[in-house]
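**Student:** Quick one: the structure is below, questions incoming.
The values are calculated or read from the model by the stated rules, or taken from the named source; none is laboratory data. The shown structure was predicted, so the numbers you read here are calculated from the model rather than taken from an experiment. Note: ideal-geometry Cβ built from the backbone for every residue, glycine included; neighbour counts use all protein chains shown.
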Amino acid sequence: MKKILLEMLICPRCLPEENLLKETIFHGLRDQIIEGTLECRRCNSVYPIDRGVAFLDPNGSDVSMKPNRYETPPLLSSYLWSHYGDLLEDEHATDAYLRWAEVMKSGSGLCIDTGSAVGRFSFEMAKKFDFVVGIDNSVSFIRASRDLSINRQASLALQEEGTLKRHETLIFPEAWRTDNTEFIVGDAQVLPFRSGIFSALSSLNIVDKVSKPMVHLGEINRVARTKDVQFLFSDPFSWSTEVAPVEEWLGGKHNGRFSGMGKDNIIALLEGKIGAFSPAWKVDDEGHIWWKIRTHRNHFELIRSCFIKASR
């Protein structure tokens, strides 16, 4: 973990109080903490830093792999293909992350990529902002992202058919910046950052994957600057009761506060028409972008993600 993060981090268990964390370094390397801990002196929570990765998920900051589907090697390779398939010159790859990145204007300051997965949008934003933090609750995704930032390449074992696999090597273009990025394990519903510090924020394909979507958007609003700030939201609105109860959905239902279509409700929330976000956001652009997840050579999941670009 880069030491520059120390001045940004707070204890996620203490929210809405913002209590700074005290570092203990067991092994460091120039501007990096390789092994150590981050401790909250208020609630006595201790968050480990293991092999350069800070574990700041209050629901279980464990250095071991979590037992969920996002930690399996096949899914990791599938997401690496989804993010970087164009760099492999795969004819089936999409340009989704390039298109999302084009929506954001270049600026200064800090950028946060919530639900960063294996990091493509974070690296695209590293071309446009001073420093970028990617956060995800998948340990394997964050380790892969951080390895990419250091080694600038990765090996993929892509499922072909049955037990057959195709091995590919992903190599970053020389022009890409990776020195101004960092990736941490955390929960997008309790962001471990001080309020009002980010000048650019993203929430790509995550709001229908969290148990409390409104809480996630509230956290985005909390850590965003009050002016000179950009926010990119995108989601397919694949609501599921396996993830969140219907009453927590921000769309896709007939009754309740967020009845109707999710995209319409998110716009109304950002503009301050049905929420308490202050100051309100201005919607600059909206549309949809198609992207893919590859399971094997004959099976792809094609997803239409509806985006909203806002600023204030």
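**Student:** If residue 58 meets every condition in (1) part of a loop (DSSP other than H, G, I, E, B); (2) at pLDDT below 95; (3) out of contact with any helix residue (DSSP H, G or I) (no Cβ under 6 Å at 6 or more places or on another chain) apart from one, which number is that one?
**Tutor:** Residue 58 satisfies every listed condition except (3).
**Student:** Something else now. For the range 277-289, name all the residues that are of a type in the set (A, V, I, L, M, F, W, C), part of a strand (DSSP E or B) and over 18 Å from the mean Cα position of the chain (by Cα).
**Tutor:** If the condition is that a residue be of a type in the set (A, V, I, L, M, F, W, C), part of a strand (DSSP E or B) and over 18 Å from the mean Cα position of the chain (by Cα), then 283 is the only one that fits.
**Student:** Within the range 291-312, how many residues are under 20 Å from the mean Cα position of the chain (by Cα) and surrounded by 13 or more Cβ atoms within 10 Å (Cβ to Cβ)?
**Tutor:** Matching residues across the range 291-312 total 12.
**Student:** Something else now. Tally time: how many residues in the range 69-87 are at pLDDT below 95 and either part of a strand (DSSP E or B) or aliphatic (A, V, I, L, M) (or both)?
**Tutor:** The qualifying residues number 2.
**Student:** Scan the range 103-126 residue by residue and report those that are of a type in the set (A, V, I, L, M, F, W, C), surrounded by fewer than 24 Cβ atoms within 10 Å (Cβ to Cβ) and either assigned to a loop (DSSP other than H, G, I, E, B) or out of contact with any strand residue (DSSP E or B) (no Cβ under 7 Å at 6 or more places or on another chain) (or both).
**Tutor:** 104, 126
**Student:** Going by the conditions given, is residue 168 surrounded by fewer than 18 Cβ atoms within 10 Å (Cβ to Cβ), in contact with a strand residue (DSSP E or B) (Cβ under 7 Å, 6 or more places away or on another chain) and charged (D, E, K, R)?
**Tutor:** Criteria not met by residue 168.
**Student:** Could you check how many residues of the range 259-274 are of a type outside the set (Lys, Arg) and without any contact (Cβ under 8 Å) to a residue 12 or more places away in the chain?
**Tutor:** 4
**Student:** Among the numbered criteria (1) within 28 Å of residue 8 (Cα to Cα); (2) surrounded by fewer than 19 Cβ atoms within 10 Å (Cβ to Cβ); (3) modelled with pLDDT of 95 or more, which single criterion is violated by residue 66?
**Tutor:** Unmet condition: (3).
**Student:** Hey, can you tell me all the residues within the range 157-185 that are of a type in the set (Gly, Ala, Ser) and on the phi < 0 side of the Ramachandran plot?
**Tutor:** 157, 175
**Student:** Answer yes or no as to whether residue 168 is in the same structural domain as residue 304 (by TED's automatic domain parsing), over 14 Å from the mean Cα position of the chain (by Cα) and farther than 22 Å from residue 233 by Cα.
**Tutor:** Here the answer is yes, as residue 168 does meet what is asked.
**Student:** Taking the range 197-243 as the search range and keeping residues that are farther than 17 Å from residue 270 by Cβ and among the hydroxyl-bearing types (Ser, Thr, Tyr), which one is farthest from the chain's Cα centre (by Cα)?
**Tutor:** 241
**Student:** Report the residue count in the range 189-239 for those that are basic (Lys, Arg) and buried (at least 24 other Cβ atoms within 10 Å of the Cβ).
**Tutor:** Number of matching residues: 0.
**Student:** Taking the range 128-153 on its own, how many of its residues are outside any loop (DSSP other than H, G, I, E, B), in contact (Cβ under 8 Å) with a residue 24 or more places away in the chain and surrounded by 17 or more Cβ atoms within 10 Å (Cβ to Cβ)?
**Tutor:** 16
**Student:** In addition: Does the range 45-60 hold any residues that are of a type outside the set (A, V, I, L, M) and either within 16 Å of the chain's Cα centre (by Cα) or closer than 15 Å to residue 10 by Cβ (or both), and which are they?
**Tutor:** 45, 47, 55, 57, 58
**Student:** Residues in the range 233-241: is at least one modelled with pLDDT of 95 or more, at positive phi and in the same structural domain as residue 106 (by TED's automatic domain parsing)?
**Tutor:** yes
**Student:** Here is a list: 23, 89, 35, 39. Which entry is in the same structural domain as residue 225 (by TED's automatic domain parsing) and without any contact (Cβ under 8 Å) to a residue 40 or more places away in the chain?
**Tutor:** 89
**Student:** Here's a follow-up. Run residue 253 past the list (1) over 29 Å from residue 199 (Cβ atoms); (2) of a type outside the set (S, T, N, Q); (3) in contact (Cβ under 8 Å) with a residue 60 or more places away in the chain; (4) surrounded by 15 or more Cβ atoms within 10 Å (Cβ to Cβ) and report the number of the one that doesn't hold.
**Tutor:** (3)
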